[in-house]
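The values are calculated or read from the model by the stated rules, or taken from the named source; none is laboratory data. Note that the structure is a prediction, hence the values are computed from the model and not measured. Neighbour counts run over all protein chains shown; Cβ positions are idealised from the backbone, glycine included. Just the protein is used for accessible areas: all its heavy atoms, side chains included, with ligands, DNA and RNA removed. Shrake-Rupley method; radii C 1.70, N 1.55, O 1.52, S 1.80 Å.
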Amino acid sequence: MPDSNPRGPIGARRRRFTLERPVEEPDGFGGVVRRYVPGPLVWGALEALGAPERVRGGRRDAVETHRVRLAYRADVTPAMRLAAGPRRFAIRAASDPDGRGRELVCRVEELLAGARAP
């Protein structure tokens, strides 16, 4: 019998994320410095999708790609990040899959410690 709940079972969103918002400040040399400040806590489900390769600095690096399912929020943009403990995820896309405003599906890329987001 197929699952009648496409969003997953109750309790699937058991991972706590902090939604981090970007703040840009002048660096004194005509540019800006971007830092992220913690925002609201949200509960979600993290699903690994694979690790495609990307060429960075002349070498091939594996990029961890995931899908995060959250309760719907209209204020999530690709400029934001999700944090789960020491792990950071750059939001690449966020969408409402059925247009009902019940769930938000984010395509994210895991950021490695010390690495900068492209």
Original post:
Can you pull out the residues in segment 95-108 that are more than 8 Å from the chain's Cα centre (by Cα), open to solvent by 40 Å² or more (accessible area, probe 1.4 Å) and on the phi < 0 side of the Ramachandran plot?
Top reply: 95, 96, 97, 98, 100, 102
Original post:
Given the structure, is residue 71 open to solvent by less than 70 Å² (accessible area, probe 1.4 Å) and closer than 15 Å to residue 109 by Cα?
Top reply: no
Original post:
Restricting the search to segment 74-91, which residues are touching a strand residue (DSSP E or B) at 6+ places or on another chain (Cβ under 6 Å) and outside any strand (DSSP E or B)?
Top reply: 76, 78, 79, 80
**OP:** Just name the residue that is modelled with the highest pLDDT out of those in segment 1-26 that are open to solvent by less than 60 Å² (accessible area, probe 1.4 Å) and in a loop (DSSP other than H, G, I, E, B).
**Re:** 12
Original post:
Within segment 50-66, how many residues turn out to be open to solvent by less than 70 Å² (accessible area, probe 1.4 Å) and within 11 Å of residue 108 (Cα to Cα)?
Top reply: 3
Original post:
residue 51 fails exactly one of the following numbered conditions: (1) within 19 Å of residue 37 (Cβ to Cβ); (2) touching a Ser or Thr at 6+ places or on another chain (Cβ under 9 Å). What is the number of that condition?
Top reply: (1)
